[in-house]
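A short write-up of the structure that comes next.
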Amino acid sequence: MTAKAIAPVRGKRFIQSFKNEMTRHGALYIMLLLPLTILLAFKYAPMYGIQIAFRDFRITRAMEKCDWVGLKYVIRFLTNDQFWQILRNTLSINLYSLATFPISLIFALLLNYMPSQKYKKTVQMISYAPHFISTVVMASLILQFLSARGGLLNEVLGIFGIPSVNYMAYPEYFYSVYVWSGVWQEMGYGAIIYISALSGVSSELHEAAIVDGANIIKRIWHVDIPSILPTFCILLIMRCGSLLNIGFEKVLLLQNNINTSVSEVISTFVYRQGIAASRPQYSYAAAIGLFQSIFNMIMLLTVNTITGKLTGNSMF
């Protein structure tokens with residue numbers, strides 16, 4: 001049979017195979033259309049605007065009429081006097097936060113071994129609640145709690161004769177205030193995934209461990225942790241993939257003229273250059289955001305590769 005004769009046969013087979021697939025799984029493909037449309041509309045279509053970072057963009061002109069400037073704004077950011085300070089602050093906060101990453105796992109393990117289900121559910125509900133507090137309210141609570149005049153912390157310390165301190169006026173306290181308030185707010189909510197993973201651990205493994213004389217610590221180390229290690233690795237990889245990402249709202253609300261040396265991060269710098277400035281520099285802000293995204297992508301691929309080689313667990 002010649003190639004010309006084979007082509008129509010293959011075409012008919014493909015059409016028939018497609019019809020069969022749609023007959024069996026058509027409903028699933030229809031359900032997939034909505035999230036796929038949202039993904040294309042809000043994630044891929046906006047990539048057209050990435051060229052703003054390489055043009056001398058003016059909001060009064062059409063993008064196609066703006067001059068190409070290449071890597072001008074990327075180089076401008078890399079040679080900025082504040083670059084190393086901003087990069088250091090961003091990495092310091094994120095690495096500090098990364099060091100507290102296992103706390104949600106530890107909390108989930110503690111909840112998993114609570115003998116009283118009623119007490120366990122109560123603790124879970126209380127620990128989830130802070131996650132739903134808005135960033136503005138959370139920042140206000142922090143400022144009130146740490147206030148030198150009437151702040152709860154200073155009032156309690158005053159009972160023991162310790163003088164009041166305006167903690168937000170000391171740059172060395174900023175990282176700890178930011179990170180540990182975030183731990184308190186997200187610890188319970190972050191434990192949900194681990195609790196779900198622990199519920200899938202086979203009870204037979206625990207029964208066998210108990211028969212072998214393993215106590216709770218050994219069961220956690222030899223049964224629970226190996227079972228949820230893939231989940232932990234995936235979450236860690238995703239966390240490292242956003243190493244330069246910090247939500248600017250909380251930082252901006254906790255920021256003041258005294259702690260700017262440690263609180264100015266990439267996201268707040270982009271906000272000041274691209275939105276808050278009297279003459280917004282859209283191309284400059286877009287170039288900084290592009291640099292941030294490329295750095296995060298490199299970190300994601302690097303950590304994914306290292307984790308895959310060390311533990312055998314990776315995203316791809």
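Would you mind giving the average projected area, over all directions, of the Cα convex hull of region 25-72 in nm² with one decimal?
Projected area, direction-averaged: 4.6 nm².
May I ask you to list, by number, the DSSP H helices of the chain whose Cα span along the axis is at least 18 Å and whose average Kyte-Doolittle hydropathy reaches 0.5 or more?
Correct list, ordered by number: 83-99, 225-240, 282-311.
Quick one: pull the percent of accessible area on the chain belonging to carbon and sulfur, 1.4 Å probe, ligands and nucleic acids left out.
The value for the chain is 67 percent carbon and sulfur by accessible area.
Along each of its three principal axes, how wide is the spread of alpha-carbon positions in region 155-270, in whole angstrom units, largest first?
Extents along the principal axes: 61, 43, 18 Å.
So who's got an amide H within less than 5 Å of the one on Arg55, skipping anything under 5 residues away but keeping other chains? H placed 1.01 Å off N, in plane.
Correct list: Val69.
Taking the Kirkwood radius as the inverse of the mean 1/r across Cα pairs, report the Rg/Rh of region 262-314.
1.24
How many nm is it between the label spots at Ile50 and Ile162, if each spot is 7 Å from the Cα in line with the beta carbon?
For the pair Ile50/Ile162, the computed spacing is 4.9 nm.
Which value, in debye to the nearest 20, describes the size of the charge dipole of the chain about its Cα centre when Lys and Arg Cβ atoms bear +1, Asp and Glu Cβ atoms bear -1, and nothing else is charged?
Value, rounded to 20: 1300 debye.
Hey, what number do you get for the chain at 222 nm if only DSSP H runs of n ≥ 4 count, each worth -39500 (n - 2.57), divided across all residues, to the nearest 500?
Per the formula, -21000 deg cm²/dmol.
Between Ser227 and Ala129, how high is the FRET efficiency from 1/(1 + (r/R0)^6) when r is the Cβ-Cβ distance and R₀ = 25 Å? Nearest 0.05.
Computed FRET efficiency for Ser227 and Ala129 comes out at 0.30.
Using a 1.4 angstrom probe with every protein chain in place, what is the largest-first accessible-area order of Tyr189, Tyr44?
Largest accessible area first, the list is Tyr44, Tyr189.
What FRET efficiency comes out for the pair Glu155/Leu39, r = Cβ-Cβ distance, R0 = 45 Å, nearest 0.05?
After rounding to 0.05, the efficiency reads 0.35.
Size of region 22-121 along its principal axes in angstrom, Cα-based, largest extent first?
Here the spans come out as 67, 56, 22 Å, largest first.
Which order do you get for Ser181, Ser134 if you rank them by accessible area with a 1.4 Å probe, largest at the top?
Ser134, Ser181
If you average the C-alpha positions of region 135-183 and of region 85-111 separately, how far apart do those two centres end up, in angstrom?
20 Å
Whenever you get a sec, line up Lys121, Lys309 from highest to lowest accessible area (probe 1.4 Å, protein heavy atoms).
Result of the area sort, largest leading: Lys309, Lys121.
When all protein chains stay in place, what accessible area (Å², nearest 10, 1.4 Å probe) is found for Asp67?
100 Å²
Quickly work out the Ala169-to-Ser199 label distance, labels modelled 7 Å from Cα along the C-beta direction, and quote it in nm with one decimal.
That separation, rounded to one decimal, is 5.0 nm.
Give me the mean projected area, in nm² to one decimal, of the convex hull enclosing the Cα positions of the chain.
The directionally averaged projection comes out at 28.6 nm².
For region 78-113, which chymotrypsin sites (Phe, Trp or Tyr not before Pro) are both in a DSSP coil and crowded by at most 11 other Cβ atoms within 10 Å?
none
Please provide three numbers in whole Å: the alpha-carbon extents of region 197-265 along the principal axes, with the largest listed first.
For region 197-265, the Cα extents along the three principal axes come out at 62, 22, 16 Å.
Compute the accessible area per residue over the chain, keeping the other protein chains in place, probe 1.4 Å, unit Å².
For the chain, the per-residue accessible area is 63 Å².
Among Ile237, Leu198, Leu40, which residue has its Cα furthest toward the positive end of the charge dipole of the chain, with +1 on Lys/Arg Cβ and -1 on Asp/Glu Cβ?
After comparing all options, I get Leu40.
Post the alpha-carbon centroid distance, region 190-210 to region 274-314, in whole angstrom.
34 Å
Take region 207-316, compute every pairwise Cα distance, and split them into 5 Å bins from 0; I just need the percent in each bin.
Final binned percentages: 2, 11, 14, 12, 12, 11, 10, 9, 7, 5, 4, 2, 1, 0, 0.
The values are calculated or read from the model by the stated rules, or taken from the named source; none is laboratory data. Owing to the predicted nature of the structure, the values given are computational and were not obtained by experimental measurement. Neighbour counts are summed over all protein chains in view; Cβ atoms, including those assigned to glycine, are modelled from backbone coordinates with ideal geometry. We work out accessible area using only protein heavy atoms, side chains counted, and drop any ligands, DNA or RNA first. Shrake-Rupley method; radii C 1.70, N 1.55, O 1.52, S 1.80 Å.
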